[in-house]
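**Student:** This is the structure I have questions about; it appears just below.
The values are calculated or read from the model by the stated rules, or taken from the named source; none is laboratory data. Keep in mind the model is a prediction, meaning the values are calculated, not measured. When we count neighbours, we look across all protein chains shown, and the Cβ atoms used for this are built from the backbone with ideal geometry, even at glycine.
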Amino acid sequence: MPASRTCAWCPRELRPDARSDTRFCSRRCRQAAFRLRRRSGVAVARRGRAQRRVARTGVDDTPARFAYADPPYVGRAQRWYRDEEIDHEALIASLEASRYAGWALSAAADSLAEITPLCPPHRVCAWVKPIGASTRSFGLHNCWEALIVVGGRQRRPGVRDWLLAQPARGGGELPGRKPLAFCAWLFDCLGMQPGDQLVDLFPGTGVVTRAWAELSLATTVVTDASPAATGPSDPSSGSGSRRRMAQVLGDASSRPNPGTALAEAL
């Protein structure tokens with residue numbers, strides 16, 4: 001009996017009678033992957049149109065490790081996830097201690113005054129959501145989210161430090177999940193290329209992990225989360241944020257040299 005195959009986008013199994021070259025279980029998954037590739041500069045490099053050495057700042061062409069953290073935003077953990085607040089100071093310290101080639105942290109616009117002083121030299125990028133203000137709100141209404149970018153490759157062509165995209169309309173009901181346009185923009189902001197390793201510290205619905213796996217088929221994607229420490233990906237997990245941070249900090253102290261870990265992964 002032939003071994004079962006899974007969809008290249010979602011964890012569903014392909015039909016037993018699917019053709020040998022079938023990668024996706026449905027048109028919806030196939031179109032999601034297509035939209036992602038169309039938006040991202042990583043896919044262009046993978047197809048061989050931009051296989052050239054470009055200017056770098058502090059990071060060479062060799063495969064490297066990058067990280068993305070999308071924790072519950074400051075002041076919203078209890079409201080949206082029934083969870084404890086994340087210690088952002090400890091989270092940022094662990095990101096720095098892990099010696100990533102670059103990392104990015106999503107944050108609410110109203111928390112930048114609290115978070116940015118904790119970060120090393122960085123850029124604050126903006127994901128602008130073209131949505132109207134709620135009629136139940138008063139005064140200024142927040143319609144954008146911040147992406148703090150530290151390090152990364154400085155690739156050509158340049159990347160805008162803002163993104164105009166609607167919030168995610170599918171992919172589950174988890175508050176704060178990111179759309180495909182955001183995923184493509186995130187990878188471009190970090191200057192990621194095929195062969196790089198992505199460590200997704202707060203995987204949530206898993207869309208960022210799936211997106212990078214699709215764009216860089218040769219890469220290693222690490223969700224860095226165990227079933228006992230799902231964090232915001234499981235709102236019913238109780239003190240998931242506390243367990244998540246304990247694991248992040250523990251992993252940061254025990255992780256091997258990035259070059260050694262990457263060589264083993266590849």
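**Student:** Go through segment 175-194 and count every residue that is charged (D, E, K, R) and part of a loop (DSSP other than H, G, I, E, B).
**Tutor:** Initially, segment 175-194 is screened for residues charged (D, E, K, R), giving 177-178, 188.
With the extra rule that they be part of a loop (DSSP other than H, G, I, E, B), the set shrinks to 177-178.
Within segment 175-194, residues that are charged (D, E, K, R) and part of a loop (DSSP other than H, G, I, E, B) number 2.
**Student:** May I pose another question? Can you tell me which residue among Arg82, Arg38, Arg76 is surrounded by fewer than 20 Cβ atoms within 10 Å (Cβ to Cβ), at pLDDT below 95 and on the phi > 0 side of the Ramachandran plot? Explain how you work it out, then say what you get.
**Tutor:** Values: Arg38 fails: on the phi > 0 side of the Ramachandran plot; Arg76 fails: on the phi > 0 side of the Ramachandran plot.
Answer to the check: Arg82.
**Student:** Conditions first: (1) assigned to a loop (DSSP other than H, G, I, E, B); (2) at pLDDT below 80; (3) not hydroxyl-bearing (Ser, Thr, Tyr). Arg242 passes all but one, so which condition is the exception?
**Tutor:** Result: Arg242 passes all but (1).
**Student:** Given the residues Val159, Val128, which is the only one that is in contact with an Asp or Glu (Cβ under 6 Å, 6 or more places away or on another chain) and on the phi < 0 side of the Ramachandran plot?
**Tutor:** Details: Val128 fails: in contact with an Asp or Glu (Cβ under 6 Å, 6 or more places away or on another chain).
After ruling out the rest, the residue left standing is Val159.
**Student:** Quick one: would you say Arg28 is over 17 Å from Leu186 (Cβ atoms), basic (Lys, Arg) and modelled with pLDDT under 65? Before you say what the answer is, go through the steps one by one.
**Tutor:** Working: over 17 Å from Leu186 (Cβ atoms): yes; basic (Lys, Arg): yes; modelled with pLDDT under 65: no.
So Arg28 does not fit the description; no.
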